[in-house]
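Below is one structure, written out as structure tokens; comments come after it.
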Amino acid sequence: MMSEVMAKQSGFYFDSSRCTGCKTCMLACKDFKDLPAEVNFRRVYEYAGGAWTEDEGAWREDVFAYYTSISCNHCADPACIKVCPTGAMHKRADGFVVVDETLCIGCKSCAMACPYGAPQYSAVKGHMTKCDGCYERVAAGLKPVCVGACPLRALDLGPVDVLRAEHGTLAEVAPLPPARYTHPSLVIKPNPKARPVGDRDGFLANPKEV
């Protein structure tokens, strides 16, 4: 059964070298899913750092900033599913991780376990909600709303093995957690200024947005 799931696993591709941080992907998702103010299925992280330094009368800089657009990564080893006490959080045959809202009791265990902050509690609904990969659109041959909305085509979705064959296997850059924790179905083309996971030179520049 697991081999069948993995053979059909869908994943996101994100080209950080194209992303300008416009957050159109966030807004399109929020509008399409009719999300309350406190819930964002897709979030855009701005990571920045560096400084100007003087060296023998000459000023030099190593300033950097780049963006990373992240939603649920529909991981191969989802932490959220492991801790869900009711089975509400589960993985579909197409690889998308979704929450059965009829079973969810809103305990927030999944939110505490997920290193990406994907499951989010909706006070309006009284239970957990999350990105479902727009699986109904995908089944109809369409792309997720966030992908279609990106003006610079920095986002895509497809079979993750195909994306990895085409773009490589990188799935972690600062400020994201190490990919080894949940094996995310994510492929990242890094920005030229990208810093590795665990970097301490930079900082999250927009914490209130994510």
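The values are calculated or read from the model by the stated rules, or taken from the named source; none is laboratory data. Everything numeric here is computed off the predicted structure, so don't read it as measured data. Counting neighbours? That spans all protein chains shown, and the Cβs are built from the backbone with ideal geometry, glycine included.
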Scan of the stretch 2-58 for residues that are at pLDDT 95 or above, aliphatic (A, V, I, L, M) and not in a helix (DSSP H, G or I), ordered by number: 35, 39, 44, 48
Are any residues in the stretch 86-105 more than 12 Å from residue 128 (Cβ to Cβ) and in contact with a helix residue (DSSP H, G or I) (Cβ under 7 Å, 6 or more places away or on another chain), and if so, which ones? 90, 91, 92, 93, 94, 95, 96
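Could you check the stretch 110-132 and list, in sequence order, the residues that are basic (Lys, Arg) and in contact with a Pro (Cβ under 8 Å, 6 or more places away or on another chain)? Step through it out loud before you land on a result.
Initially, the stretch 110-132 is screened for residues basic (Lys, Arg), giving 125, 130.
If the condition is that a residue be basic (Lys, Arg) and in contact with a Pro (Cβ under 8 Å, 6 or more places away or on another chain), then 130 is the only one that fits.
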Would you tally the residues in the stretch 6-49 being hydrophobic (A, V, I, L, M, F, W, C) and in contact with a strand residue (DSSP E or B) (Cβ under 9 Å, 6 or more places away or on another chain)? 12
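Is it fair to say residue 180 is exposed (fewer than 15 other Cβ atoms within 10 Å of the Cβ), of a type in the set (D, E, K, R) and at pLDDT below 95? Explain how you work it out, then say what you get.
On the way: exposed (fewer than 15 other Cβ atoms within 10 Å of the Cβ): yes; of a type in the set (D, E, K, R): yes; at pLDDT below 95: no.
No, not satisfied.
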Criterion violated by residue 159 - all others in (1) touching a strand residue (DSSP E or B) at 6+ places or on another chain (Cβ under 8 Å); (2) within 21 Å of residue 45 (Cα to Cα) satisfied: (2)
Pull up the stretch 11-64, narrow it to residues that are closer than 22 Å to residue 201 by Cα and of a type in the set (Phe, Trp, Tyr), then point me to the one that is nearest to the chain's Cα centre (by Cα). 45
